[in-house]
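Report on one structure; see the data block that follows.
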Amino acid sequence: MAVKTCIGDGQSTLFWMDRWLEGKTVSEIAPNLTKLIAKNTVRRCTVVQALDNKKWVTDINGPLTVQIWDLVKGVILQVRVPDQHVWKLSNS
């Protein structure tokens with residue numbers, strides 16, 4: 001089973017580790033990108049923290065991929081709407 005996240009206010013969703021970008025994690029979309037982020041940041045940074053002034057870009061110690069930029073720039077947080085973490089069944 002896997003958990004897919006529907007973003008609300010972004011406070012309970014981890015930017016780098018949770019499946020919130022089109023049902024995928026950032027590392028599933030751009031596997032080499034998370035290698036450029038401090039492990040502590042990967043484990044703790046929420047979506048709302050990362051999107052504040054585009055902080056997620058400054059967390060990267062290397063080149064930024066356009067694919068991730070395009071996906072993230074369209075995310076709009078909803079104030080006072082909690083994120084929803086939904087279980088989805090998988091075949092594996």
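The values are calculated or read from the model by the stated rules, or taken from the named source; none is laboratory data. It should be emphasised that the depicted structure is a prediction, and the values quoted were computed from it without experimental measurement. Using ideal geometry, Cβ is built from the backbone for each residue, glycine included, and neighbour counts are taken over all protein chains shown.
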Could you tell me which residue of the range 5-19 is surrounded by the most Cβ atoms within 10 Å (Cβ to Cβ), considering only residues that are in contact (Cβ under 8 Å) with a residue 60 or more places away in the chain and in a loop (DSSP other than H, G, I, E, B)? Gly10
Among the residues of the range 7-49, which ones are within 17 Å of Lys73 (Cα to Cα), at pLDDT 90 or above and more than 11 Å from the chain's Cα centre (by Cα)? Gly8, Asp9
Could you figure out which of (1) surrounded by fewer than 19 Cβ atoms within 10 Å (Cβ to Cβ); (2) over 21 Å from Lys88 (Cα atoms); (3) of a type outside the set (D, E, K, R) isn't true of Ser27? (2)
What do you reckon, is Arg44 touching a residue at least 24 places away in the same chain (Cβ under 8 Å) and farther than 15 Å from Phe15 by Cα? no
Could you list, in sequence order, all residues of the range 45-74 that are part of a loop (DSSP other than H, G, I, E, B) and out of contact with any Phe, Trp or Tyr (no Cβ under 8 Å at 6 or more places or on another chain)? Asp59, Ile60, Asn61, Gly62, Pro63, Leu64, Thr65, Gly74
